[in-house]
Amino acid sequence: MSKLNGVVSHHTAELAELSADRELAVEYLKAAMESLDNPDDRAAGLLALRTVAEAYGGLGAVATEAEISREALYRALSPKGNPTLKTLLAVLKAVGMRLSVEPDRQVHA
């Protein structure tokens, strides 16, 4: 199989786009975080957070900034991960974001 010149993987392109456009990264994470409500789709939200962490310095640098071990961060953001609120907040802070709350559009009070 020959290498194609100028071809980059989807993941590499995604990382470049997210690191270059903070607004895109925020919207990307907001959309992905909605999947955390569904235990069957939780892996998508964790994968998105991992991708943003990779785009903003890499998992090693984010782990250092978040003051958790790199191995713990890999486990927390794996498809079967279950990060604590402390870990989630630390990772978001390390990439320059924070957790916020907004009303559920499906619930009518």
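Structure summary
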item	result
Tally of residues being open to solvent by less than 100 Å² (accessible area, probe 1.4 Å) and under 14 Å from the mean Cα position of the chain (by Cα) across the stretch 80-100	13
Subset of the stretch 32-54 that is modelled with pLDDT of 90 or more and open to solvent by 20 Å² or more (accessible area, probe 1.4 Å) - its residue that is nearest to Gln106 (Cα to Cα)	Leu47
All positions within the stretch 55-77 that are part of a helix (DSSP H, G or I), out of contact with any helix residue (DSSP H, G or I) (no Cβ under 7 Å at 6 or more places or on another chain) and either open to solvent by less than 50 Å² (accessible area, probe 1.4 Å) or of a type outside the set (Ser, Thr, Tyr) (or both)	Ala61, Glu71, Ala72, Arg75
Residue list for the stretch 7-31, restricted to those being surrounded by fewer than 13 Cβ atoms within 10 Å (Cβ to Cβ) and within 19 Å of Leu85 (Cα to Cα)	Ala31
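Listed here are the residues, each with its yes/no results for (1) part of a loop (DSSP other than H, G, I, E, B); (2) under 20 Å from His11 (Cβ atoms); (3) without any contact (Cβ under 8 Å) to a residue 40 or more places away in the chain; (4) among the aliphatic types (A, V, I, L, M).
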site	(1), (2), (3), (4)
Ala43	no, yes, yes, yes
Val52	no, yes, no, yes
Pro79	yes, yes, yes, no
Pro83	yes, no, yes, no
Arg98	yes, no, yes, no
Asp104	yes, no, yes, no
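The values are calculated or read from the model by the stated rules, or taken from the named source; none is laboratory data. Model, not experiment: these values are computed from the prediction. Because the Cβ atoms are built from the backbone with ideal geometry, glycine has one as well, and the counts that use them run over all protein chains shown. Heads up: the accessible areas ignore ligands, DNA and RNA and are worked out on the full protein's heavy atoms, side chains in. Shrake-Rupley method; radii C 1.70, N 1.55, O 1.52, S 1.80 Å.
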